[in-house]
């Protein structure tokens with residue numbers, strides 16, 4: 001056993017203290033080098049440049065005109081996508097040039113889709129962006145597990161560089177999904193009803209009206225404006241607007257049943273109308289026709305051809321002699337005349353310094369009555385009686401008043417937001433137009449829709465405003481047509497169909513009343529014919545038609561022949 005004396009012990013302790021101090025000094029040196037290396041590693045880029053977090057902020061006002069290299073753009077995109085996939089939305093947003101906006105949009109993406117998992121692959125640079133100047137475009141594929149299923153789609157981002165070398169993904173909502181607008185977002189789960197999931201159908205509740213060429217535009221308008229019924233939502237992914245309304249379905253996981261808007265259209269009659277306006281006798285001239293249920297005002301068919309839109313409901317033209325229906329009604333109601341009242345038919349007539357004549361084939365008959373003049377469509381008879389009995393001290397508003405008060409002329413809404421052009425018989429007509437109005441010329445204009453309604457009012461002995469949606473509000477006429485006047489007009493229109501100007505097309509059809517019309521327009525004429533039978537009222541217009549019976553007559557005949 002070794003015995004330590006006091007001096008030995010003191011010497012050992014002194015050596016131990018020196019050793020300990022040396023060890024600590026070495027540790028300080030080592031710790032200092034480690035700390036330096038750690039700070040350097042945290043503040044150095046791959047190229048050795050020292051950048052603090054604050055220094056990495058992208059300056060959108062100092063964007064380099066030179067796009068980032070492919071490697072730089074892909075590296076930045078991977079960092080952005082990595083944060084997004086791990087739901088580090090703040091970190092992902094910091095990799096963009098609009099961190100605040102991006103963070104909000106990324107949270108909306110997560111919440112709207114009820115996102116469960118997100119991954120990305122096929123991350124590739126495709127070179128300079130053609131949309132964002134000074135940027136490099138990087139494409140990638142997205143796999144998102146959302147409410148209802150898995151959604152795969154391609155997307156892209158444009159990567160920019162600031163003049164101090166900082167990279168950033170250029171933010172807009174199309175990063176979330178290509179083409180997504182700034183005021184739009186994504187939703188998953190039950191699909192919202194949108195204009196593509198609503199069917200507009202005929203009165204039978206099942207025939208899709210978009211199958212008819214003449215109704216495609218009308219169908220689109222009704223989808224947007226009318227309230228659908230029934231239907232069950234499917235599931236999938238959709239774009240919605242700021243109000244949450246569906247804009248577009250992007251992915252369907254399970255199909256629903258489309259909601260429907262039921263219209264008044266008769267599918268069978270519509271098919272006939274589509275063919276009728278292309279009748280070979282018309283020689284490809286623009287044509288339009290409307291058929292109504294004269295009892296209710298329900299629109300049963302609308303068809304048209306031509307490049308100038310739907311002339312069936314918007315083709316505003318002078319209606320020619322079909323206006324003699326209203327002219328006759330005014331003579332009966334306001335002047336107390338009857339079908340047997342005199343209406344001399346002369347070859348020509350001067351009224352307010354304007355010379356009027358009859359259509360070819362109308363023979364003069366000084367002893368003609370209103371009924372006879374109506375049957376052969378004598379212009380001079382109606383100008384003479386109309387000007388004599390219905391124009392007083394320059395006031396020629398009688399025809400306008402009859403059209404409004406009895407035949408319901410006005411600004412109709414047929415329903416579903418479908419626009420129609422209003423007919424016009426100005427109350428303040430002057431000069432030669434005061435006479436011309438009684439034969440549907442001058443400033444008088446109408447559409448096949450209105451003239452079909454005129455025939456319907458006669459047959460129904462009362463006005464029912466045309467509508468295309470059941471239950472749609474219908475304007476009323478302030479004064480119902482009298483039974484006396486309706487009876488007179490029905491008798492006269494029947495004679496037109498059996499032995500008058502419409503007979504070549506309609507004589508063989510039972511219970512038909514009609515009125516033809518030929519209206520001058522520039523260097524050509526337009527053919528008109530309006531008629532009714534026991535079921536429907538119809539009107540047709542053929543632009544460039546030589547006469548009403550030889551153009552519009554074929555269209556009307558086809559519709560009245562449907563069993």
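Tabulated data
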quantity	calculated
Test: residue in the stretch 126-139 that is surrounded by 16 or more Cβ atoms within 10 Å (Cβ to Cβ), closer than 19 Å to residue 86 by Cα and either modelled with pLDDT of 95 or more or not assigned by TED's automatic domain parsing to the domain that holds residue 102 (or both)	no
Count - residues of the stretch 214-250 that are assigned to a loop (DSSP other than H, G, I, E, B) and surrounded by fewer than 14 Cβ atoms within 10 Å (Cβ to Cβ)	6
Number of the condition not met by residue 111 [criteria: (1) touching a residue at least 24 places away in the same chain (Cβ under 8 Å); (2) part of a helix (DSSP H, G or I)]	(1)
Within the stretch 190-206, considering residues that are out of contact with any strand residue (DSSP E or B) (no Cβ under 6 Å at 6 or more places or on another chain) and at pLDDT 95 or above, the one farthest from residue 469 (Cα to Cα)	204
Single match in 119, 155 (criterion: outside the structural domain of residue 250 (by TED's automatic domain parsing), in contact with a helix residue (DSSP H, G or I) (Cβ under 9 Å, 6 or more places away or on another chain) and without any contact (Cβ under 8 Å) to a residue 24 or more places away in the chain)	155
Residue among 364, 329, 307, 291 that is within 25 Å of the chain's Cα centre (by Cα), modelled with pLDDT of 95 or more and either surrounded by fewer than 19 Cβ atoms within 10 Å (Cβ to Cβ) or closer than 25 Å to residue 463 by Cβ (or both)	291
Residues (modelled with pLDDT under 95 and within 43 Å of the chain's Cα centre (by Cα)) located in the stretch 60-89	60, 61, 63, 65
Selection count, the stretch 85-117, where residues are over 30 Å from residue 163 (Cβ atoms) and surrounded by fewer than 19 Cβ atoms within 10 Å (Cβ to Cβ)	11
Filter result (without any contact (Cβ under 8 Å) to a residue 60 or more places away in the chain, under 28 Å from residue 543 (Cα atoms) and under 47 Å from the mean Cα position of the chain (by Cα)) within the stretch 332-361	355, 357, 358, 360, 361
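Here's the yes/no breakdown for (1) surrounded by 18 or more Cβ atoms within 10 Å (Cβ to Cβ); (2) on the phi > 0 side of the Ramachandran plot; (3) touching a helix residue (DSSP H, G or I) at 6+ places or on another chain (Cβ under 7 Å):
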{"site": "296", "(1), (2), (3)": "no, no, no"}
{"site": "313", "(1), (2), (3)": "yes, no, yes"}
{"site": "316", "(1), (2), (3)": "no, no, no"}
{"site": "321", "(1), (2), (3)": "yes, no, yes"}
{"site": "336", "(1), (2), (3)": "no, yes, no"}
{"site": "342", "(1), (2), (3)": "no, no, no"}
{"site": "350", "(1), (2), (3)": "no, no, no"}
{"site": "360", "(1), (2), (3)": "no, no, no"}
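The values are calculated or read from the model by the stated rules, or taken from the named source; none is laboratory data. Note that the structure is predicted; figures quoted are calculated from it, not measured. Neighbour counts are summed over all protein chains in view; Cβ atoms, including those assigned to glycine, are modelled from backbone coordinates with ideal geometry.
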